[in-house]
1. Within the stretch 43-53, track down each residue that is surrounded by 16 or more Cβ atoms within 10 Å (Cβ to Cβ) and touching a residue at least 24 places away in the same chain (Cβ under 8 Å).
2. Give the residue that is surrounded by the most Cβ atoms within 10 Å (Cβ to Cβ), with candidates limited to residues of the stretch 1-42 that are under 20 Å from the mean Cα position of the chain (by Cα) and hydrophobic (A, V, I, L, M, F, W, C).
3. Check off (1) open to solvent by 50 Å² or more (accessible area, probe 1.4 Å); (2) farther than 23 Å from Ala10 by Cα for Glu108 and give me the number that stays unchecked.
4. If we keep just the residues of the stretch 76-105 that are open to solvent by 80 Å² or more (accessible area, probe 1.4 Å) and touching a residue at least 12 places away in the same chain (Cβ under 8 Å), which is nearest to Cys16 (Cα to Cα)?
5. Picking from Ala97, Ala113, which residue would you name as being under 30 Å from Ser8 (Cβ atoms) and at pLDDT 95 or above?
6. Of the conditions (1) more than 23 Å from the chain's Cα centre (by Cα); (2) open to solvent by 40 Å² or more (accessible area, probe 1.4 Å); (3) of a type in the set (A, V, I, L, M), Ala65 satisfies every one except a single condition; which number is it?
7. How many of the residues in the stretch 129-150 are loosely packed, with under 10 Cβ neighbours inside 10 Å and either outside any helix (DSSP H, G or I) or in contact with a Ser or Thr (Cβ under 6 Å, 6 or more places away or on another chain) (or both)?
8. Please tell me if Val126 is assigned to a helix (DSSP H, G or I), exposed (fewer than 12 other Cβ atoms within 10 Å of the Cβ) and modelled with pLDDT of 85 or more.
Amino acid sequence: MKLKKKLSNAEITDFCSQLSYLLPTGITPYECIHLLSEDTMSAEGKNLLAFIESQLKNGETFHTALEASEVFPNYVVSMVLLGEESGNLDVIIKKLAQYYEQQCNIHESIKNAITYPLIMVGLMLVILVVLLTTILPIFNQVFIQLGSGLSGVSQKLMNLGYMI
């Protein structure tokens, strides 16, 4: 099965979080996936869970089913394999949920750290354009009425404002 794209960190977080609630109850991964597919609203999510469910129904291991879907990162597949082999799948899935939630938080922090300065630079550019195209010509007219003119730097800024 080949879906359009790999799952995002947020989607992996949701998937692992939901599994981490179900697996400690003692039900099998197949039953967990079946329960999740019944609750999923999105068509892509239903297709993915149906594919994993069919793989598990055909006797594949959970990590093999995840790998065959081609939407999970290798890290998730490897950790699920480790969890299956050690008998701690529920603990590993919970740790994966925590890890990918942390990755989402880091990504969001970076995005916020970049967005704020970009917004400030954009606002400064807008203010500069308004100053050059609106305010400076008013000062020029005032100086002309007083019988004077703008100085060299001011005149160059005025010319820049006219070009803009």
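The values are calculated or read from the model by the stated rules, or taken from the named source; none is laboratory data. These figures come from a predicted structure and were not determined experimentally. Because the Cβ atoms are built from the backbone with ideal geometry, glycine has one as well, and the counts that use them run over all protein chains shown. What goes into the accessible areas is simple: the full protein's heavy atoms, side chains included, and nothing from ligands, DNA or RNA. Shrake-Rupley method; radii C 1.70, N 1.55, O 1.52, S 1.80 Å.
1. Leu48, Phe51
2. Quick first cut of the stretch 1-42, residues under 20 Å from the mean Cα position of the chain (by Cα) only: 3-18, 42.
Narrowing the set further to residues that are hydrophobic (A, V, I, L, M, F, W, C) leaves 3, 7, 10, 12, 15-16.
Working: Leu3: 13, Leu7: 20, Ala10: 14, Ile12: 23, Phe15: 25, Cys16: 23.
Step by step, filter the stretch 1-42, then rank; the result is Phe15.
3. Of (1) open to solvent by 50 Å² or more (accessible area, probe 1.4 Å); (2) farther than 23 Å from Ala10 by Cα, only one is false for Glu108: (2).
4. Filtering the stretch 76-105 for residues that are open to solvent by 80 Å² or more (accessible area, probe 1.4 Å) and touching a residue at least 12 places away in the same chain (Cβ under 8 Å), the one nearest to Cys16 (Cα to Cα) comes out as Lys94.
5. Ala97
6. (2)
7. Going through the stretch 129-150 one residue at a time, the tally reaches 3.
8. Taking the combined requirement at face value, the residue satisfies it.
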